[in-house]
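Shown next, in C-alpha coordinates, is the structure this report addresses.
The values are calculated or read from the model by the stated rules, or taken from the named source; none is laboratory data. Being a predicted model, the structure only gives us computed values, none of them experimental. Cβ placement follows ideal geometry from the backbone for every residue including glycine, while neighbour counts extend to all protein chains displayed. For accessibility, only protein heavy atoms count, side chains too; no ligands or nucleic acids. Shrake-Rupley method; radii C 1.70, N 1.55, O 1.52, S 1.80 Å.
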Amino acid sequence: MHLLLVGLSHRTAPIELRERVDFQGRLEPALRALAARGSAVEAVVLSTCNRAELYAACNDVAAARADLAAFVGDFHGVDRAAVAPHVYDLQDLDAARHLFRVSAGLDSLVVGEPQILGQVKDAHRAATGEQTVGPLLNRLFHFSFFVGKRVRAETGLAAGAVSVGYAAVALARKIFGALKGRTVLVIGAGEMGKLTARHLKSQGVRHVTIVSRTLAHATRTAMAIGGASAVPWDELDSALGASDIVVTTTGATSPILTKARIEAVMHSRRNRPIFIIDIAVPRDVEPASGELEQVFLYNIDDLQATVRDNLARRASEVERAEAIVSEEVGKFGAWFKSRGVIPTVVALRQRFEAIRRSELERLDFKLGALPPEARARVDEITHLIVEKLLLTPTAQLKGLGDAETATAYSEALSRLFRLSDAADRDSAEAQPEIRAADPDGSTALANDPDASTSSGTPRATSSGERVERADPGEDRVQPFIRPKARPTGPGR
(Lines give C-alpha, C1' and ligand atoms only; values in the text may rest on other atoms or scores of the structure.)
Protein backbone atom coordinates (compact mmCIF):
# COMPACT_ATOMS: atom_id res chain seq x y z
CA MET A 1 0.00 0.00 0.00
CA HIS A 2 1.35 3.41 -0.99
CA LEU A 3 0.67 6.90 0.28
CA LEU A 4 -0.11 9.47 -2.41
CA LEU A 5 -0.76 13.22 -2.37
CA VAL A 6 -2.18 15.10 -5.36
CA GLY A 7 -3.02 18.78 -5.10
CA LEU A 8 -2.40 22.40 -5.92
CA SER A 9 -1.66 25.41 -3.72
CA HIS A 10 -0.69 29.06 -3.66
CA ARG A 11 2.79 27.94 -4.67
CA THR A 12 1.63 26.38 -7.95
CA ALA A 13 -1.72 27.92 -8.90
CA PRO A 14 -3.12 31.49 -9.11
CA ILE A 15 -6.10 32.45 -7.02
CA GLU A 16 -8.33 32.48 -10.12
CA LEU A 17 -7.87 28.70 -10.39
CA ARG A 18 -7.77 27.95 -6.67
CA GLU A 19 -11.17 29.46 -6.09
CA ARG A 20 -12.63 27.35 -8.91
CA VAL A 21 -11.41 24.08 -7.37
CA ASP A 22 -12.13 24.95 -3.75
CA PHE A 23 -13.61 22.01 -1.77
CA GLN A 24 -14.49 24.03 1.35
CA GLY A 25 -18.06 23.35 2.36
CA ARG A 26 -18.19 20.35 0.03
CA LEU A 27 -15.81 17.91 1.71
CA GLU A 28 -18.39 15.17 2.28
CA PRO A 29 -19.77 15.00 -1.27
CA ALA A 30 -16.20 15.22 -2.60
CA LEU A 31 -15.15 12.27 -0.45
CA ARG A 32 -18.13 10.22 -1.60
CA ALA A 33 -17.43 11.02 -5.24
CA LEU A 34 -13.75 10.21 -4.84
CA ALA A 35 -14.48 6.91 -3.13
CA ALA A 36 -16.85 5.95 -5.94
CA ARG A 37 -14.04 6.23 -8.50
CA GLY A 38 -12.23 3.31 -6.87
CA SER A 39 -8.64 4.41 -7.46
CA ALA A 40 -8.01 5.08 -3.76
CA VAL A 41 -8.43 2.60 -0.93
CA GLU A 42 -8.48 5.47 1.59
CA ALA A 43 -8.94 9.20 1.00
CA VAL A 44 -8.90 12.58 2.77
CA VAL A 45 -9.65 15.93 1.12
CA LEU A 46 -7.86 18.95 2.62
CA SER A 47 -9.09 22.33 1.41
CA THR A 48 -8.08 25.75 2.74
CA CYS A 49 -7.76 29.27 1.38
CA ASN A 50 -4.42 28.33 -0.13
CA ARG A 51 -4.64 24.69 -1.11
CA ALA A 52 -6.79 21.85 -2.39
CA GLU A 53 -5.11 18.51 -1.67
CA LEU A 54 -6.16 14.89 -1.94
CA TYR A 55 -4.43 12.34 0.30
CA ALA A 56 -4.90 8.70 -0.67
CA ALA A 57 -3.78 5.20 0.20
CA CYS A 58 -3.55 3.19 -3.00
CA ASN A 59 -2.05 0.09 -4.55
CA ASP A 60 -1.44 1.38 -8.08
CA VAL A 61 0.31 4.73 -7.75
CA ALA A 62 0.37 5.61 -11.45
CA ALA A 63 -3.34 4.93 -11.93
CA ALA A 64 -4.32 6.73 -8.72
CA ARG A 65 -2.14 9.73 -9.55
CA ALA A 66 -3.82 10.20 -12.93
CA ASP A 67 -7.31 9.65 -11.52
CA LEU A 68 -6.90 12.03 -8.58
CA ALA A 69 -5.48 14.77 -10.80
CA ALA A 70 -8.46 14.37 -13.11
CA PHE A 71 -10.87 14.36 -10.17
CA VAL A 72 -9.82 17.85 -9.06
CA GLY A 73 -11.16 19.27 -12.31
CA ASP A 74 -14.00 16.80 -12.86
CA PHE A 75 -15.66 17.44 -9.49
CA HIS A 76 -15.75 21.20 -10.06
CA GLY A 77 -16.51 21.13 -13.77
CA VAL A 78 -13.14 22.64 -14.64
CA ASP A 79 -11.31 21.55 -17.77
CA ARG A 80 -8.61 19.02 -16.88
CA ALA A 81 -6.17 20.79 -19.17
CA ALA A 82 -6.56 23.98 -17.13
CA VAL A 83 -5.78 22.15 -13.88
CA ALA A 84 -3.00 19.77 -14.94
CA PRO A 85 -0.09 22.29 -15.23
CA HIS A 86 -0.63 23.42 -11.63
CA VAL A 87 -0.97 20.01 -9.97
CA TYR A 88 1.82 18.46 -7.90
CA ASP A 89 2.05 14.97 -6.48
CA LEU A 90 4.14 13.36 -3.76
CA GLN A 91 4.48 9.74 -2.72
CA ASP A 92 5.03 7.84 0.53
CA LEU A 93 7.36 9.67 2.95
CA ASP A 94 7.55 12.77 0.75
CA ALA A 95 3.77 13.05 1.05
CA ALA A 96 4.01 12.53 4.82
CA ARG A 97 6.66 15.25 5.14
CA HIS A 98 4.46 17.64 3.17
CA LEU A 99 1.45 17.08 5.42
CA PHE A 100 3.59 17.46 8.55
CA ARG A 101 4.91 20.78 7.22
CA VAL A 102 1.36 21.89 6.43
CA SER A 103 0.16 21.04 9.95
CA ALA A 104 3.12 22.87 11.45
CA GLY A 105 2.34 26.01 9.44
CA LEU A 106 5.59 25.77 7.48
CA ASP A 107 3.88 25.59 4.09
CA SER A 108 1.36 28.35 4.79
CA LEU A 109 1.21 31.67 3.00
CA VAL A 110 2.15 33.23 6.33
CA VAL A 111 4.53 30.86 8.09
CA GLY A 112 3.26 29.70 11.47
CA GLU A 113 -0.42 30.60 11.01
CA PRO A 114 -2.44 28.84 13.73
CA GLN A 115 -5.61 28.11 11.74
CA ILE A 116 -4.15 25.42 9.50
CA LEU A 117 -3.90 22.69 12.16
CA GLY A 118 -7.62 23.00 12.85
CA GLN A 119 -8.33 22.76 9.13
CA VAL A 120 -6.26 19.57 8.86
CA LYS A 121 -8.26 18.13 11.75
CA ASP A 122 -11.51 19.13 10.06
CA ALA A 123 -10.42 17.31 6.89
CA HIS A 124 -9.68 14.13 8.83
CA ARG A 125 -12.93 14.43 10.78
CA ALA A 126 -14.94 14.68 7.56
CA ALA A 127 -13.19 11.64 6.07
CA THR A 128 -13.79 9.70 9.28
CA GLY A 129 -17.46 10.57 9.10
CA GLU A 130 -17.64 9.35 5.51
CA GLN A 131 -15.59 6.24 6.41
CA THR A 132 -12.96 6.91 3.75
CA VAL A 133 -9.99 6.61 6.09
CA GLY A 134 -8.27 3.43 7.22
CA PRO A 135 -5.11 2.40 9.09
CA LEU A 136 -2.65 4.26 6.85
CA LEU A 137 -4.29 7.69 6.65
CA ASN A 138 -5.45 7.51 10.26
CA ARG A 139 -1.87 7.02 11.42
CA LEU A 140 -0.60 9.68 9.00
CA PHE A 141 -3.05 12.37 10.12
CA HIS A 142 -2.68 11.66 13.83
CA PHE A 143 1.07 11.96 13.37
CA SER A 144 0.49 15.32 11.66
CA PHE A 145 -1.64 16.55 14.60
CA PHE A 146 1.21 15.71 16.97
CA VAL A 147 3.75 17.46 14.73
CA GLY A 148 1.65 20.63 14.62
CA LYS A 149 1.26 20.69 18.40
CA ARG A 150 4.91 19.94 19.00
CA VAL A 151 6.13 22.72 16.68
CA ARG A 152 3.90 25.23 18.45
CA ALA A 153 5.04 24.07 21.87
CA GLU A 154 8.79 23.84 21.17
CA THR A 155 9.40 26.76 18.80
CA GLY A 156 8.43 30.39 18.49
CA LEU A 157 7.04 29.85 15.01
CA ALA A 158 3.51 30.70 16.08
CA ALA A 159 4.47 33.31 18.66
CA GLY A 160 2.79 36.67 18.26
CA ALA A 161 0.69 37.59 15.25
CA VAL A 162 1.45 35.26 12.38
CA SER A 163 -1.93 34.66 10.74
CA VAL A 164 -3.12 35.68 7.31
CA GLY A 165 -5.23 38.26 9.10
CA TYR A 166 -2.12 39.83 10.58
CA ALA A 167 -0.51 39.95 7.15
CA ALA A 168 -3.57 41.88 6.00
CA VAL A 169 -3.09 44.34 8.85
CA ALA A 170 0.59 44.73 7.96
CA LEU A 171 -0.41 45.57 4.40
CA ALA A 172 -2.91 48.16 5.66
CA ARG A 173 -0.14 49.81 7.69
CA LYS A 174 2.02 50.05 4.59
CA ILE A 175 -0.80 51.82 2.78
CA PHE A 176 -2.09 54.11 5.56
CA GLY A 177 0.84 54.27 7.92
CA ALA A 178 -0.48 54.39 11.48
CA LEU A 179 -3.98 52.97 11.75
CA LYS A 180 -4.96 55.01 14.79
CA GLY A 181 -8.27 56.72 14.25
CA ARG A 182 -9.30 54.57 11.30
CA THR A 183 -12.64 52.77 11.14
CA VAL A 184 -12.60 49.11 10.21
CA LEU A 185 -15.23 46.74 8.85
CA VAL A 186 -14.68 42.98 9.03
CA ILE A 187 -17.05 40.96 6.87
CA GLY A 188 -17.19 37.43 8.23
CA ALA A 189 -17.45 36.27 11.85
CA GLY A 190 -15.35 33.12 11.65
CA GLU A 191 -11.99 32.48 13.28
CA MET A 192 -10.12 34.37 10.57
CA GLY A 193 -12.39 37.39 10.99
CA LYS A 194 -11.97 37.31 14.76
CA LEU A 195 -8.16 37.17 14.58
CA THR A 196 -8.07 39.95 12.00
CA ALA A 197 -10.29 42.15 14.15
CA ARG A 198 -8.05 41.58 17.19
CA HIS A 199 -4.94 42.50 15.21
CA LEU A 200 -6.59 45.67 13.94
CA LYS A 201 -7.79 46.63 17.39
CA SER A 202 -4.26 46.23 18.73
CA GLN A 203 -3.14 48.85 16.19
CA GLY A 204 -5.31 51.52 17.82
CA VAL A 205 -8.08 51.81 15.24
CA ARG A 206 -11.00 53.96 16.30
CA HIS A 207 -13.71 51.37 15.85
CA VAL A 208 -14.21 47.83 14.55
CA THR A 209 -17.52 46.66 13.13
CA ILE A 210 -18.34 43.00 12.49
CA VAL A 211 -20.87 42.01 9.82
CA SER A 212 -22.08 38.47 9.26
CA ARG A 213 -25.08 36.82 7.64
CA THR A 214 -25.94 35.59 11.14
CA LEU A 215 -26.15 38.49 13.57
CA ALA A 216 -25.66 36.21 16.57
CA HIS A 217 -22.30 35.10 15.16
CA ALA A 218 -21.25 38.68 14.57
CA THR A 219 -22.29 39.60 18.11
CA ARG A 220 -20.30 36.76 19.65
CA THR A 221 -17.23 37.77 17.65
CA ALA A 222 -17.62 41.41 18.70
CA MET A 223 -17.90 40.38 22.35
CA ALA A 224 -14.89 38.06 22.04
CA ILE A 225 -12.59 40.83 20.81
CA GLY A 226 -14.06 43.53 23.06
CA GLY A 227 -14.80 47.09 22.05
CA ALA A 228 -16.29 46.10 18.69
CA SER A 229 -19.87 46.27 17.46
CA ALA A 230 -22.00 43.97 15.34
CA VAL A 231 -24.48 45.03 12.69
CA PRO A 232 -26.99 42.94 10.69
CA TRP A 233 -26.27 41.84 7.15
CA ASP A 234 -28.82 44.19 5.59
CA GLU A 235 -26.83 47.17 6.91
CA LEU A 236 -23.68 46.11 5.04
CA ASP A 237 -23.81 49.00 2.55
CA SER A 238 -24.06 51.66 5.23
CA ALA A 239 -21.21 49.99 7.15
CA LEU A 240 -19.12 50.05 3.98
CA GLY A 241 -19.81 53.74 3.53
CA ALA A 242 -18.55 54.51 7.04
CA SER A 243 -15.33 52.44 6.92
CA ASP A 244 -11.77 53.21 5.87
CA ILE A 245 -10.53 49.61 5.90
CA VAL A 246 -12.56 46.56 4.87
CA VAL A 247 -11.42 43.01 5.42
CA THR A 248 -13.52 40.22 3.88
CA THR A 249 -13.20 36.69 5.23
CA THR A 250 -16.46 34.92 4.44
CA GLY A 251 -16.93 31.47 2.96
CA ALA A 252 -19.29 32.63 0.22
CA THR A 253 -19.15 30.75 -3.07
CA SER A 254 -19.61 33.90 -5.16
CA PRO A 255 -18.64 37.58 -4.71
CA ILE A 256 -20.66 39.45 -2.12
CA LEU A 257 -19.19 42.82 -3.14
CA THR A 258 -19.69 43.42 -6.85
CA LYS A 259 -18.23 46.32 -8.78
CA ALA A 260 -21.65 47.91 -9.06
CA ARG A 261 -22.29 47.64 -5.34
CA ILE A 262 -18.97 49.20 -4.40
CA GLU A 263 -19.43 51.92 -7.01
CA ALA A 264 -22.75 52.85 -5.39
CA VAL A 265 -21.09 52.94 -1.97
CA MET A 266 -18.31 55.18 -3.30
CA HIS A 267 -20.87 57.73 -4.47
CA SER A 268 -22.36 57.93 -1.00
CA ARG A 269 -18.94 58.47 0.58
CA ARG A 270 -17.99 61.07 -2.06
CA ASN A 271 -15.08 59.02 -3.36
CA ARG A 272 -13.28 58.99 -0.03
CA PRO A 273 -10.53 56.31 -0.35
CA ILE A 274 -11.37 52.81 0.80
CA PHE A 275 -8.86 50.03 1.35
CA ILE A 276 -10.24 46.51 0.81
CA ILE A 277 -8.33 43.35 1.65
CA ASP A 278 -10.04 40.22 0.32
CA ILE A 279 -8.50 37.23 2.11
CA ALA A 280 -11.32 34.84 1.28
CA VAL A 281 -11.11 31.94 -1.18
CA PRO A 282 -13.24 32.00 -3.28
CA ARG A 283 -12.90 35.78 -3.37
CA ASP A 284 -15.57 37.93 -1.75
CA VAL A 285 -14.92 40.98 -3.95
CA GLU A 286 -15.35 41.12 -7.69
CA PRO A 287 -11.84 41.76 -9.11
CA ALA A 288 -13.07 44.52 -11.42
CA SER A 289 -13.88 46.57 -8.31
CA GLY A 290 -10.22 47.48 -8.12
CA GLU A 291 -10.62 49.52 -11.30
CA LEU A 292 -12.77 52.05 -9.48
CA GLU A 293 -11.17 55.36 -8.50
CA GLN A 294 -10.05 55.55 -4.88
CA VAL A 295 -10.73 51.82 -4.34
CA PHE A 296 -7.55 49.99 -3.29
CA LEU A 297 -8.26 46.28 -3.59
CA TYR A 298 -5.86 43.52 -2.56
CA ASN A 299 -6.41 39.77 -2.45
CA ILE A 300 -4.67 36.97 -0.62
CA ASP A 301 -1.97 36.57 -3.26
CA ASP A 302 -0.96 40.19 -2.68
CA LEU A 303 0.23 39.23 0.78
CA GLN A 304 3.35 37.54 -0.63
CA ALA A 305 5.66 40.45 0.21
CA THR A 306 4.49 40.36 3.82
CA VAL A 307 5.09 36.65 3.83
CA ARG A 308 8.68 37.11 2.71
CA ASP A 309 9.27 39.60 5.52
CA ASN A 310 7.71 37.13 7.94
CA LEU A 311 10.01 34.36 6.73
CA ALA A 312 13.09 36.51 7.22
CA ARG A 313 12.12 37.31 10.81
CA ARG A 314 11.43 33.69 11.66
CA ALA A 315 14.30 31.98 9.86
CA SER A 316 15.75 30.48 13.04
CA GLU A 317 12.36 29.22 14.20
CA VAL A 318 11.71 27.69 10.79
CA GLU A 319 14.95 25.75 11.05
CA ARG A 320 13.95 24.33 14.44
CA ALA A 321 10.49 23.46 13.18
CA GLU A 322 11.93 21.71 10.12
CA ALA A 323 14.13 19.63 12.43
CA ILE A 324 11.05 18.51 14.37
CA VAL A 325 9.29 17.62 11.12
CA SER A 326 12.29 15.55 9.97
CA GLU A 327 12.42 13.73 13.29
CA GLU A 328 8.74 12.82 13.14
CA VAL A 329 8.99 11.81 9.48
CA GLY A 330 11.68 9.35 10.59
CA LYS A 331 9.37 7.90 13.22
CA PHE A 332 6.46 7.67 10.82
CA GLY A 333 8.76 6.18 8.20
CA ALA A 334 9.82 3.38 10.55
CA TRP A 335 6.17 2.48 11.09
CA PHE A 336 5.33 2.90 7.40
CA LYS A 337 8.14 0.62 6.27
CA SER A 338 7.25 -1.97 8.90
CA ARG A 339 3.85 -2.36 7.25
CA GLY A 340 5.55 -4.31 4.46
CA VAL A 341 6.60 -7.07 6.85
CA ILE A 342 3.32 -7.23 8.77
CA PRO A 343 1.91 -10.05 6.60
CA THR A 344 5.06 -12.07 7.28
CA VAL A 345 4.86 -11.36 11.01
CA VAL A 346 1.21 -12.37 11.09
CA ALA A 347 1.85 -15.53 9.08
CA LEU A 348 4.79 -16.46 11.30
CA ARG A 349 2.71 -16.08 14.44
CA GLN A 350 -0.12 -18.05 12.91
CA ARG A 351 2.32 -20.81 11.97
CA PHE A 352 3.74 -21.06 15.47
CA GLU A 353 0.29 -20.94 17.01
CA ALA A 354 -0.88 -23.71 14.69
CA ILE A 355 2.07 -25.86 15.79
CA ARG A 356 1.34 -25.15 19.46
CA ARG A 357 -2.31 -26.09 19.16
CA SER A 358 -1.48 -29.12 17.06
CA GLU A 359 0.91 -30.47 19.66
CA LEU A 360 -1.51 -29.83 22.51
CA GLU A 361 -4.17 -31.65 20.55
CA ARG A 362 -1.85 -34.54 19.74
CA LEU A 363 -1.01 -34.94 23.40
CA ASP A 364 -4.62 -34.52 24.46
CA PHE A 365 -4.88 -38.15 25.57
CA LYS A 366 -1.96 -37.59 27.95
CA LEU A 367 -3.33 -34.33 29.30
CA GLY A 368 -6.83 -35.63 29.70
CA ALA A 369 -6.18 -36.81 33.26
CA LEU A 370 -5.19 -33.32 34.37
CA PRO A 371 -7.77 -31.13 36.15
CA PRO A 372 -9.18 -28.20 34.10
CA GLU A 373 -7.06 -25.68 35.99
CA ALA A 374 -3.85 -27.55 35.17
CA ARG A 375 -4.79 -27.92 31.52
CA ALA A 376 -5.51 -24.19 31.32
CA ARG A 377 -2.12 -23.54 32.86
CA VAL A 378 -0.44 -25.75 30.25
CA ASP A 379 -2.23 -23.82 27.51
CA GLU A 380 -1.12 -20.51 29.03
CA ILE A 381 2.51 -21.60 29.47
CA THR A 382 2.84 -22.88 25.91
CA HIS A 383 1.29 -19.68 24.61
CA LEU A 384 3.82 -17.60 26.57
CA ILE A 385 6.67 -19.72 25.24
CA VAL A 386 5.58 -19.05 21.68
CA GLU A 387 5.22 -15.33 22.41
CA LYS A 388 8.72 -15.13 23.89
CA LEU A 389 10.23 -17.09 21.02
CA LEU A 390 8.69 -14.68 18.52
CA LEU A 391 9.24 -11.44 20.44
CA THR A 392 12.79 -10.72 19.30
CA PRO A 393 12.48 -11.80 15.66
CA THR A 394 9.23 -9.85 15.36
CA ALA A 395 10.81 -6.68 16.76
CA GLN A 396 13.90 -7.09 14.57
CA LEU A 397 11.85 -7.67 11.45
CA LYS A 398 9.56 -4.68 12.08
CA GLY A 399 12.54 -2.50 12.96
CA LEU A 400 14.33 -2.95 9.65
CA GLY A 401 14.64 0.49 8.09
CA ASP A 402 15.69 -0.65 4.64
CA ALA A 403 12.84 -1.89 2.45
CA GLU A 404 15.06 -4.21 0.41
CA THR A 405 16.48 -5.85 3.53
CA ALA A 406 13.00 -6.22 5.01
CA THR A 407 11.81 -7.87 1.80
CA ALA A 408 14.78 -10.25 1.79
CA TYR A 409 14.19 -11.23 5.42
CA SER A 410 10.47 -11.72 4.78
CA GLU A 411 11.16 -13.96 1.81
CA ALA A 412 13.70 -15.97 3.81
CA LEU A 413 11.23 -16.52 6.65
CA SER A 414 8.50 -17.45 4.20
CA ARG A 415 10.73 -20.07 2.63
CA LEU A 416 12.13 -21.40 5.91
CA PHE A 417 8.72 -21.78 7.50
CA ARG A 418 6.75 -22.27 4.28
CA LEU A 419 4.49 -19.37 5.26
CA SER A 420 3.17 -18.76 1.77
CA ASP A 421 2.56 -22.41 0.94
CA ALA A 422 -1.20 -22.84 1.11
CA ALA A 423 -0.89 -26.55 0.44
CA ASP A 424 1.42 -26.93 3.39
CA ARG A 425 -1.02 -25.11 5.65
CA ASP A 426 -3.81 -27.35 4.47
CA SER A 427 -1.77 -30.46 5.17
CA ALA A 428 -0.86 -29.08 8.59
CA GLU A 429 -4.56 -28.78 9.41
CA ALA A 430 -5.27 -32.31 8.18
CA GLN A 431 -2.09 -33.86 9.66
CA PRO A 432 -0.99 -31.78 12.64
CA GLU A 433 2.04 -33.89 13.58
CA ILE A 434 4.83 -31.42 12.82
CA ARG A 435 8.32 -32.83 12.56
CA ALA A 436 11.47 -31.06 13.65
CA ALA A 437 14.62 -31.62 11.62
CA ASP A 438 17.83 -32.62 13.38
CA PRO A 439 21.24 -31.51 12.13
CA ASP A 440 21.87 -34.98 10.72
CA GLY A 441 18.78 -34.82 8.55
CA SER A 442 16.54 -37.01 10.65
CA THR A 443 13.14 -35.80 11.70
CA ALA A 444 11.04 -36.12 14.80
CA LEU A 445 7.69 -35.06 16.07
CA ALA A 446 8.11 -31.61 17.48
CA ASN A 447 8.18 -31.49 21.29
CA ASP A 448 7.91 -35.29 21.58
CA PRO A 449 10.64 -36.60 23.91
CA ASP A 450 9.91 -40.20 22.93
CA ALA A 451 10.67 -39.72 19.24
CA SER A 452 13.98 -40.98 17.86
CA THR A 453 16.22 -38.17 16.61
CA SER A 454 19.54 -39.92 16.24
CA SER A 455 18.82 -42.97 14.14
CA GLY A 456 17.26 -43.62 10.80
CA THR A 457 15.35 -46.58 12.26
CA PRO A 458 11.64 -46.00 12.62
CA ARG A 459 10.65 -45.85 16.23
CA ALA A 460 7.22 -45.79 17.81
CA THR A 461 6.35 -42.92 20.10
CA SER A 462 4.33 -43.22 23.27
CA SER A 463 1.36 -41.92 21.33
CA GLY A 464 1.43 -44.91 19.02
CA GLU A 465 3.03 -43.21 16.01
CA ARG A 466 6.39 -43.77 14.44
CA VAL A 467 8.81 -41.29 12.95
CA GLU A 468 10.82 -42.12 9.85
CA ARG A 469 13.92 -40.40 8.49
CA ALA A 470 12.79 -37.90 5.93
CA ASP A 471 13.31 -38.40 2.25
CA PRO A 472 14.21 -35.24 0.28
CA GLY A 473 11.18 -33.01 0.11
CA GLU A 474 9.14 -35.24 2.44
CA ASP A 475 7.64 -33.65 5.54
CA ARG A 476 4.77 -35.89 6.59
CA VAL A 477 4.60 -38.30 9.52
CA GLN A 478 3.74 -41.91 8.64
CA PRO A 479 1.13 -43.17 11.10
CA PHE A 480 0.54 -46.75 12.12
CA ILE A 481 -2.90 -48.16 11.56
CA ARG A 482 -4.53 -48.06 14.94
CA PRO A 483 -7.19 -50.47 16.17
CA LYS A 484 -9.10 -47.56 17.65
CA ALA A 485 -9.25 -43.95 16.54
CA ARG A 486 -7.57 -41.43 18.75
CA PRO A 487 -10.00 -38.96 20.39
CA THR A 488 -10.61 -35.96 18.25
CA GLY A 489 -10.66 -32.37 19.35
CA PRO A 490 -11.08 -28.93 17.90
CA GLY A 491 -9.38 -28.53 14.55
CA ARG A 492 -8.94 -32.28 13.90
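Structural remarks
- Relative to the current alpha-carbon distance between F145 and E263, full extension at 0.36 nm per residue lengthens the span by 38.0 nm.
- Subtracting the Cα-Cα distance of A36 and R173 from 0.36 nm times their residue separation leaves 44.4 nm of extension gain.
- Amide N proximity, the stretch 73-102 versus R125 label position 7 Å along Cα-to-Cβ, cut-off under 20 Å: 100, 102
- Entry note, the stretch 326-417: relative contact order of 56 percent, from Cα contacts under 8 Å with a spacing of 6+ residues.
- In terms of its C-alpha gyration tensor, the stretch 80-132 has an oblate overall shape, because the principal axis ratio a/c (a ≥ b ≥ c, square roots of the eigenvalues) is not below 1.5 and a/b does not outweigh b/c.
- Computed over protein heavy atoms with a 1.4 Å probe, the carbon and sulfur contribution to the accessible area of the stretch 66-176 reaches 52%.
- Calculated FRET value between S316 and Y88, using beta carbons and R₀ = 30 Å, to 0.05: 0.60
- 13 Å beta-carbon shell around P343, net charge (K/R +1, D/E -1): +3
- The stretch 23-95 - Debye-derived log10 I(q)/I(0), Cα point model, q = 0.17, 0.22, 0.28 Å⁻¹: -0.60, -1.06, -1.65
- Accessible carbon and sulfur surface of the stretch 1-63 relative to its total accessible area, %, 1.4 Å: 49 percent
- Rg(Cα) / (2.2 N^0.38 Å) computed for the stretch 189-269, rounded to two decimals: 1.07
- Charge context of R213, other residues only, Cβ under 13 angstrom, K/R +1, D/E -1: -3
- Averaged per residue, the stretch 27-140 has 35 square angstrom of accessible surface, using a 1.4 angstrom probe with ligands and nucleic acids left out.
- The stretch 1-129: relative contact order in percent, alpha carbon pairs under 8 Å with at least 6 residues between: 33 percent
- Too-long pairs where the Cα-Cα distance tops 24 Å, listed order kept, from K121/K201; K174/K194; K121/K174; K149/K180; K121/K331; K121/K194: K121/K201; K121/K174; K149/K180
- Per-atom-type breakdown for the stretch 253-384 gives carbon and sulfur 57% of the accessible area (1.4 Å probe, protein chains only).
- Relative to the current alpha-carbon distance between A288 and L416, full extension at 0.36 nm per residue lengthens the span by 38.8 nm.
- Per residue, the average separation of C-alpha pairs within less than 8 Å and at least 6 apart gives the stretch 74-218 a relative contact order of 19 percent.
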